[in-house]
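As structure tokens, the structure follows; a few thoughts come after it.
The values are calculated or read from the model by the stated rules, or taken from the named source; none is laboratory data. In this text the structure is predicted, and so the values were computed from the model without any measurement. Here the Cβ positions follow ideal geometry from the backbone for every residue, glycine too, while neighbour counts run over all protein chains shown.
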Amino acid sequence: MEKKDILSMSLNELEENIIELGEKKFRARQIYEWLHQKRITDFSQMTNISAQLQDKLDNYFCIKKLIVVRKLESSRDNTVKYLYEFSDGNHVETVLMDYNHGYSLCISTQVGCKMGCKFCASTIAGFKRNLEPSEMLLQLYETERNSAVKVSSIVLMGIGEPLDNFDNVIKFLNILSSENGTNMSLRHVSLSTCGLVDRINELAQLKYGLTLSISLHAPEDDARSEIMPVNNRYNINQLISACKNYIDKTGRRISFEYAVIDGVNDKQSDALKLSKLLKGMICHVNLIPVNKIKERNFNSTHKSAQRFQKYLTDLGINATIRRTLGTDIDAACGQLRREYEV
């Protein structure tokens, strides 16, 4: 019998399984807290559980683990980049960032990515598989263990498209925010998507408090389709309509990610089109100097991002430039995994 992934279970699911094993329901809550609060890695570490029950759990469940394959530490800004390996030999990247308000962790949701965005390193090696809720949680648990710091916010902006792994991501969020688990408020979570409209609408119905970040990167369909194939499935009008619905349902401001690419989307006319597109929305534009990727010829500089920011602010759009972290360790997602696996 294949062992069940206990870290991916909600408390209700664990209770059902514990009752099936002939144990009292309250044991599930004890076990759940050992897993998600005390972060044990072996059932034998559960000191208020009998040895007999520990053996029973070990026969029925598995506690997944991550292996640190590489750890890169920036000498400039305390950014730490981890390359983690799963039991099947696949790898993902996780980035720990040090801000004034606390530590933020950028986690991956898939091994590889299907979306094919031309400026992104994560998609070059192709898609392997979705991550389970446990494998997303472990990026937090192992990073906190290894770095000896407390993470105060989570960003789902690593390798993969979170909304393409919708069910597992939702389960991850529910376990993360469980009062019997990590108990992190979803207001401290940001989810980045390239624009899967149907899933954005589903997420809106759940009315979570998280921040939705939309990878927009161009203000019109032709230009966006050229760099983001997802636009051929969901065009900009459909995407903006879903964003307005999300704002209406949740009352939350949306962040639009915009990678400034020299000669592609950085003209004053692009800023004018973008301002018209976002007019009247509760939103913020986060400008990103595009990361250099050896397989692509896109270029960008902080100066061009500043210029585009001025275009937007002069048009009344709230725009800031994302702080660049970990430049000396190639902290952009996908680069370390690709180099390791080549």
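Mind checking which residues of the range 111-162 are under 23 Å from L176 (Cα atoms) and touching a Pro at 6+ places or on another chain (Cβ under 8 Å)? If the condition is that a residue be under 23 Å from L176 (Cα atoms) and touching a Pro at 6+ places or on another chain (Cβ under 8 Å), then L156 is the only one that fits. For the range 60-80, check the following and say yes or no: at least one residue is within 15 Å of the chain's Cα centre (by Cα) and part of a strand (DSSP E or B). Checked the range 60-80: no residue is within 15 Å of the chain's Cα centre (by Cα) and part of a strand (DSSP E or B). Candidates S225, S255: the one that is modelled with pLDDT of 95 or more, among the small types (G, A, S) and closer than 20 Å to I124 by Cα is S225.
So, N174, is that one part of a helix (DSSP H, G or I), out of contact with any Cys (no Cβ under 7 Å at 6 or more places or on another chain) and within 23 Å of N12 (Cα to Cα) or not? Quick ask: steps written out before the conclusion?
Working: part of a helix (DSSP H, G or I): yes; out of contact with any Cys (no Cβ under 7 Å at 6 or more places or on another chain): yes; within 23 Å of N12 (Cα to Cα): yes.
Taking the combined requirement at face value, the residue satisfies it.
Annotation: N48 fulfils all but one of (1) polar (S, T, N, Q); (2) over 26 Å from E85 (Cβ atoms); (3) free of Cβ contacts under 8 Å to residues at least 24 places away in the same chain; (4) assigned to a helix (DSSP H, G or I); the unmet one is (4).
Give the residue, chosen from A259, A242, A204, A271, that is under 17 Å from Y311 (Cβ atoms), surrounded by 18 or more Cβ atoms within 10 Å (Cβ to Cβ) and under 22 Å from the mean Cα position of the chain (by Cα).
On the way: A242 fails: under 17 Å from Y311 (Cβ atoms); A204 fails: under 17 Å from Y311 (Cβ atoms); A271 fails: under 22 Å from the mean Cα position of the chain (by Cα).
When all the criteria are applied, what remains is A259.
Taking the range 149-159 as the range and being under 8 Å from the mean Cα position of the chain (by Cα) and part of a loop (DSSP other than H, G, I, E, B) as the test, the residues that pass are M157, G158, I159.
Condition first: over 24 Å from the mean Cα position of the chain (by Cα) and exposed (fewer than 13 other Cβ atoms within 10 Å of the Cβ). Now tell me which residues in the range 17-51 satisfy that. Those that are over 24 Å from the mean Cα position of the chain (by Cα) and exposed (fewer than 13 other Cβ atoms within 10 Å of the Cβ): E20, G22, K24, K25, F26, D42, T47, N48, S50, A51.
Of the residues making up the range 199-238, just one is of a type in the set (G, A, S), part of a loop (DSSP other than H, G, I, E, B) and either touching a residue at least 60 places away in the same chain (Cβ under 8 Å) or farther than 23 Å from I288 by Cα (or both), namely G209. Within the set S147, S178, the sole residue that is closer than 27 Å to E33 by Cβ, surrounded by fewer than 20 Cβ atoms within 10 Å (Cβ to Cβ) and in contact with a helix residue (DSSP H, G or I) (Cβ under 7 Å, 6 or more places away or on another chain) turns out to be S178.
Here's a check for you: in the range 150-175, which residue that is of a type in the set (V, I, T) and touching a helix residue (DSSP H, G or I) at 6+ places or on another chain (Cβ under 9 Å) is surrounded by the most Cβ atoms within 10 Å (Cβ to Cβ)? Spell out the reasoning first.
Filtering the range 150-175 for residues of a type in the set (V, I, T) gives 151, 154-155, 159, 169-170, 175.
Those still in the list that are touching a helix residue (DSSP H, G or I) at 6+ places or on another chain (Cβ under 9 Å) too: 151, 154, 159, 169-170, 175.
Numbers: V151: 21, I154: 24, I159: 29, V169: 24, I170: 18, I175: 24.
Looking at the filtered set, the residue picked out is I159.
This table checks each residue for (1) in contact with a Leu (Cβ under 7 Å, 6 or more places away or on another chain); (2) under 23 Å from P162 (Cα atoms).
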| site | (1), (2) |
| --- | --- |
| E16 | no, no |
| I31 | yes, no |
| Q37 | no, no |
| Q52 | no, no |
| T94 | yes, yes |
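For beta carbons closer than 7 Å, sequence separation of 6+ or different chains, a first residue in the range 171-198 that is among the β-branched types (V, I, T) and a second that is part of a loop (DSSP other than H, G, I, E, B), the qualifying pairs are I175/S10; I175/G181; V189/L210; T193/E161; V197/Y234.
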